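Chemist: I am attaching a structure below and will ask some questions about it afterwards.
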Amino acid sequence: MIYPRRKFLKNTASILPIMVIASSCGETKQASAKKPIIVSTWDSGLPVNEVGWKILSSGGKAIDAVEKGANSIEDTINCCVGLGGNPDRDGYVTLDACIMDDQYNCGSVAYLQDIKYPISVARKVMELTPHVMLVGEGAKQFALANGFKEEDGKLSEVAQIEYEKWLKKSEYKPIINIEQTQSKNQNNQAAPAKLDNGDFNHDTMGIVALDGQGNLSGSCTTSGMGFKMHGRVGDSPLIGGGLYVDNEIGAATSSGQGEEVIRICGTHLVVEYMRMGKSPTDACKAAIERLVKINPEKAKTFQVGFLAINKSGEHGAFSIQPGFVYAVKDSDQDGYLVNSESYFKG
Ligand code: GLY
């Protein structure tokens, strides 16, 4: 599936006059934005937002927009989401995803194999079971019992190439901003990634939306860290890790090295900072600062980015390393990209 990719990259600095007003206490205060709005991680979020926007702009619910948006990338070949994504070190693609609505309802799947749309399985967990999270074989059996089809388990052509490259060295080495590297030659087609060192890494599609009724929802889906240990689960299926939604306050999602996000319950923390009155950008920044403080030297070696919107539809992000971008779509304009500010300046 090829989407139009109108790329209007806005550096945060370049949108400051429009969206961010400096306050006297040194923090940033964001001007009101409109609803509905949908924002998602990385430049691959542009076509994802278009799918969600069709739902939001016709009066649909945020929960449907974030599910269908996630499905649209789960259905493409890319490094980091869906069955076309990176395998683990034993050659299996295992998927993590979660979804959360405006009523604190949430559903999640982890270590799910051979099922194409993990976010929709997560939604079924939310809607049809008394549980929040199903994993592994149990999640797969639940999916099959609810109308999902078992796929053949073969690696995508791209992932097979990258796996064979990785097997030669068999080492895990994070590549910062891999999603962006990959999406440059992705165009939603199975174009092999050209990474200098042959390593292959991970990132995530996180989506948060505010619908015309003023309700928030979010989704987060990934194939996780490339060549992870078999059985490894990241932050993406964890409520409060890869995603958190509080309909009174705001919603946040994350991308990057999941272990680090889990350590601080990252997206829950971002929402709590918004509850304390911080703008989305400042809330994301405060969470990143909390993370860096744990081990500033180690923080130089990995990427984490948080993305948030609040109840007014203001949006913002902050990352450890430069290069984290997010995609925005609202009623004002075509979809565009925003460069996140970062803790380290490069
Ligand atoms: N943030 C995705 C992962 O760590 O798996």
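Chemist: Do you know which residues across the range 199-224 are within 14 Å of the ligand (Cβ to nearest atom) and in a loop (DSSP other than H, G, I, E, B)?
Modeler: Matches in the range 199-224: 200, 201, 202, 203, 204, 223, 224.
Chemist: Please go through the range 263-287 and give me each residue that is over 12 Å from residue 316 (Cβ atoms) and either aromatic (Phe, Trp, Tyr) or within 16 Å of the ligand (Cβ to nearest atom) (or both), ordered by number.
Modeler: 263, 264, 265, 266, 267, 268, 269
Chemist: Residues that are at pLDDT 95 or above and of a type in the set (A, V, I, L, M, F, W, C), at least 2 per element: which helices (runs of 4 or more DSSP H) completely within the range 264-310 meet that?
Modeler: In the range 264-310, the matching helices (runs of 4 or more DSSP H) lie at 266-275, 280-294.
Chemist: Filter the range 225-262 down to the residues that are within 11 Å of the ligand (Cβ to nearest atom) and either closer than 23 Å to residue 51 by Cα or part of a strand (DSSP E or B) (or both) and list them by number.
Modeler: Those that are within 11 Å of the ligand (Cβ to nearest atom) and either closer than 23 Å to residue 51 by Cα or part of a strand (DSSP E or B) (or both): 236, 237, 242, 243, 253, 254, 255, 256.
Chemist: Here is a follow-up. Residue 203 versus (1) among the acidic types (Asp, Glu); (2) modelled with pLDDT under 95; (3) surrounded by fewer than 24 Cβ atoms within 10 Å (Cβ to Cβ): which is the lone unmet condition?
Modeler: With (1) among the acidic types (Asp, Glu); (2) modelled with pLDDT under 95; (3) surrounded by fewer than 24 Cβ atoms within 10 Å (Cβ to Cβ) applied to residue 203, the lone miss is (3).
Chemist: Also, quick follow-up: When you scan the range 71-144 for strands (runs of 3 or more DSSP E) that lie fully inside it, which ones turn up with 1 or more residues that are farther than 25 Å from residue 170 by Cβ and without any contact (Cβ under 8 Å) to a residue 60 or more places away in the chain?
Modeler: Those strands (runs of 3 or more DSSP E) span 106-112, 133-135.
Chemist: Please enumerate the residues belonging to the range 235-277 that are among the basic types (Lys, Arg) and out of contact with any strand residue (DSSP E or B) (no Cβ under 9 Å at 6 or more places or on another chain).
Modeler: Matches in the range 235-277: 263 only.
Chemist: Could you tell me whether the range 152-167 includes any residue that is more than 16 Å from the ligand (Cβ to nearest atom), within 22 Å of residue 84 (Cβ to Cβ), modelled with pLDDT under 95 and among the hydroxyl-bearing types (Ser, Thr, Tyr)?
Modeler: Yes, the range 152-167 contains a residue that is more than 16 Å from the ligand (Cβ to nearest atom), within 22 Å of residue 84 (Cβ to Cβ), modelled with pLDDT under 95 and among the hydroxyl-bearing types (Ser, Thr, Tyr).
Chemist: Oh, and also: Out of all the residues in the range 247-288, which are surrounded by fewer than 24 Cβ atoms within 10 Å (Cβ to Cβ), more than 25 Å from residue 35 (Cβ to Cβ), touching a Leu at 6+ places or on another chain (Cβ under 9 Å) and not aliphatic (A, V, I, L, M)?
Modeler: If the condition is that a residue be surrounded by fewer than 24 Cβ atoms within 10 Å (Cβ to Cβ), more than 25 Å from residue 35 (Cβ to Cβ), touching a Leu at 6+ places or on another chain (Cβ under 9 Å) and not aliphatic (A, V, I, L, M), then 260, 263, 265 are the ones that fit.
The values are calculated or read from the model by the stated rules, or taken from the named source; none is laboratory data. Given the structure is predicted, the values throughout are model-derived calculations rather than measurements. Note: ideal-geometry Cβ built from the backbone for every residue, glycine included; neighbour counts use all protein chains shown.
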